[in-house]
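Asker: The structure under discussion is supplied below as structure tokens; questions concerning it will follow.
The values are calculated or read from the model by the stated rules, or taken from the named source; none is laboratory data. What you are looking at is a predicted structure, and each value in this text was computed from that prediction instead of being measured. So basically every Cβ, Gly included, is an ideal-geometry build from the backbone, and we count neighbours across all protein chains shown. For accessibility, only protein heavy atoms count, side chains too; no ligands or nucleic acids. Shrake-Rupley method; radii C 1.70, N 1.55, O 1.52, S 1.80 Å.
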Amino acid sequence: MRNTIIAFLLLLSVSMFGQMYNPVKWSTAVEKISDKEYILKAQAVIQSGWHLYGQYIEEGGPSPTAFTFKNQSKKFELIGKTSEDKGHETVDKIFDMKIKYFQDKAVFTQKIKFTSADISNIAAEVDFMVCDDSNCLPPSTEELTFKIPSEKKLASTEETPIIKEDSVITEEKTVAEKQEKKSKEITDAPKKTESRGLLTIFILAFLSGFAALLTPCVFPMIPMTVSFFTKQSKSKAAGIRNAMIYGFSIVIIYVLLGSIVTAVFGADSLNALSTNVWFNLIFFILLVVFACSFLGAFEIVLPSSFANKIDSQADRGGLIGIFFMALALAIVSFSCTGPIVGTLLVEAASKGGIAPIVGMLGFSIAIALPFSLFAAFPGWLNALPKSGGWLNTVKVVLGFLELALAFKFLSNADLVLQLHWLEREVFLAVWIAVFGMLAFYLFGKITLPHDSPLNHISVGRLVFGLIVLSFTIYLIPGLWGAPLKLISGFPPPMQYSESPNGLGVSGNSELKITGSLPEGAEHGPQNIITFHDYDKGMEYAKKVGKPVLLDFTGYACVNCRKMEELVWSDPKVLGVLNNDVVLISLYVDDKKELLKSEQYVSETTGKKIKTIGNKWSDLQIKTYKANAQPFYVIVDHKSANLVEPSAYNPNIEEYYSWLQSGVGKFKR
């Protein structure tokens, strides 16, 4: 039994790393406009979690989608360019450019005009690239066939020349689908990315709910509400039951709010809004207003008449009365919880889907939990700290955090418009100022409205102040080009700054490296000696007696850049890459054509291998049954694996251990 389990786990590990992805399915349709004019439609159905890039992307970015219509006989002519759906636009932090992509589905249309009546179908090719948050697949080519329906099928009249798409839709069997039937190796990509994103939203919302509990509007309500239920109920069990219903009602109210937001805006439009300039500007202003409210400039309250009506309903008793009591709590505490809830919904909007519902679920559970627990164990109420000025301190701290977050949205708008008003240095200067003032506030050097006189600083406040001050000092070197990995993703990318290469470095920022390079090598990421030719790299590895790290990567691979910038830069990892292995980076999207004598047809996919990138992609598929990047393999001089391959893994310690394991198994 034990051996069976071990064998199963080994098989599972192989299947996890040797996975083939095929996240895009293409189909075609033809729509008649007149006797000679037609519209060709190519539809891409994209697997959840993946995205397909648009046709118009600047040079230096990921590979765009491109259509080639084969018209050697000149039987038709193209009218205009191939059009595409609206899609989503975002400023990619790695490529530092605006990039358009599609999720779930994309439709491309091309208008044509026949110059000959003798035509039954039109052949075309589409080159495209897809990525998810963990993988980028090499550029792929699919053959498409647009079948021109006969006049009998069209049954068109001059009054209604346009036919239904369903009557002429043709589901073409692509090369990838044929290969799938032959090899049975292509599997669906896991949906881990979406789950991780929703889990993060839930945890942040849950912690935000606990923060809201410690505000002056909510905290004093805990002992009052619990005492009400325990005293008014006929038995302890009834008090606990009513408090549980009260907590459950709180959850329903906030989840309903998240559901309304999702229903009004739509699951997809929320994600599209996150990259919209006006969306980011509006929420920048909104978060600044929230921050000013928390800092004591004014209070955000709902109309008192509305609160009174809800409160009167709470006297009805029974389940309805308890529900209205929970609704009254939500309304009365709005001045404290409103900004937090609003911020959560804004952040959830950037994720799209059901994120607002998940966020409100986490927030409401944190709010409701104390009421239920203290009702079940009323003796715990004696351990609660007394209300006082510290509650206002919590509000002020939240205000500073809201203010810092607001500039993230302003930065998004600036990046989209490429105004360069809020470059990396300016953004960091703002954050240094905000967190510096927060540190001064915690140390009692400044006071704000509604603050109680501070005769001494508590130990907890002092410790938190030191943490904030340390974080502020940590940010300062970022003004001179420090990477600031702790806040990676928040400030604008290094390229979007006054000094992209660091203070005092201009023009060509390449470091001066002394010593000669081996033949066929160059300085790659982190100035590691890197080979781009498999044979030359293996030859050098044999010469120096080191194992080989095969790095299947791509010029347009976002996560490859993340690994190189965040993981390979670690001193331990960098030491191994510099001293213990020979790095061979094989770019699967290299467009340089192979010599005619070197071109061949792949035994694995059946496709013509024309470019260097095709060659390395075919090598990865054939040898490792995988086609996603980044993909790392440690091999000996006979190309035998020394350890199971590794995919994208931003955990430095795990990646370092993996490297050490492979190097340790190498025998000279």
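Residue by residue, here is whether (1) part of a loop (DSSP other than H, G, I, E, B); (2) modelled with pLDDT of 80 or more holds:
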position: P62; (1), (2): yes, no
position: Q72; (1), (2): yes, no
position: K98; (1), (2): no, no
position: F102; (1), (2): no, yes
position: F108; (1), (2): no, yes
position: K113; (1), (2): no, yes
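Asker: Oh, and also: Pull out all pairs, ordered by first then second residue, where Cβ-Cβ is under 8 Å, the residues are six or more apart or on different chains, the first lies in region 619-641 and is modelled with pLDDT under 85, and the second is open to solvent by 10 Å² or more (accessible area, probe 1.4 Å) and in a helix (DSSP H, G or I).
Answerer: Matching pairs, first to second residue: A626/F17; N627/S617; N627/I621.
Asker: When region 612-632 is examined, which residues are found to be polar (S, T, N, Q) and open to solvent by 20 Å² or more (accessible area, probe 1.4 Å)?
Answerer: N614, T623
Let's see how each residue does on (1) touching a Pro at 6+ places or on another chain (Cβ under 6 Å); (2) touching a residue at least 60 places away in the same chain (Cβ under 8 Å); (3) crowded, with 16+ Cβ neighbours inside 10 Å; (4) assigned to a helix (DSSP H, G or I):
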residue: A433; (1), (2), (3), (4): no, no, no, yes
residue: K445; (1), (2), (3), (4): no, no, no, no
residue: S452; (1), (2), (3), (4): no, yes, no, no
residue: L469; (1), (2), (3), (4): no, no, yes, yes
residue: I473; (1), (2), (3), (4): no, no, no, yes
residue: I476; (1), (2), (3), (4): no, no, no, yes
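Asker: Now a separate question. Output the residues belonging to region 45-60 that are outside any loop (DSSP other than H, G, I, E, B), surrounded by 15 or more Cβ atoms within 10 Å (Cβ to Cβ) and touching an Asp or Glu at 6+ places or on another chain (Cβ under 9 Å).
Answerer: Across region 45-60, the qualifying residues are I46, H51.
Asker: If you check F290 against the conditions, is it within 18 Å of L410 (Cα to Cα), modelled with pLDDT of 75 or more and open to solvent by 40 Å² or more (accessible area, probe 1.4 Å)? It would help to see each step written out before you state the result.
Answerer: Details: within 18 Å of L410 (Cα to Cα): yes; modelled with pLDDT of 75 or more: yes; open to solvent by 40 Å² or more (accessible area, probe 1.4 Å): no.
So F290 does not fit the description; no.
Asker: Now for a different question. Please indicate, with yes or no, whether at least one residue in region 376-386 is assigned to a helix (DSSP H, G or I), modelled with pLDDT of 80 or more and open to solvent by less than 30 Å² (accessible area, probe 1.4 Å).
Answerer: No, region 376-386 has no match at all.
Asker: Looking at the structure I just gave you, is N651 surrounded by fewer than 17 Cβ atoms within 10 Å (Cβ to Cβ) and out of contact with any strand residue (DSSP E or B) (no Cβ under 9 Å at 6 or more places or on another chain)?
Answerer: yes
Asker: Sticking with this structure for a sec: Note down all Cβ pairs under 7 Å where the first residue falls in region 105-118 and is closer than 28 Å to Y53 by Cα, the second is of a type outside the set (S, T, Y) and assigned to a loop (DSSP other than H, G, I, E, B), and they're at least six residues apart or on different chains.
Answerer: If the second residue must be of a type outside the set (S, T, Y) and assigned to a loop (DSSP other than H, G, I, E, B), the pairs left are A106/D85; A106/G87; V107/D85; K113/K36.
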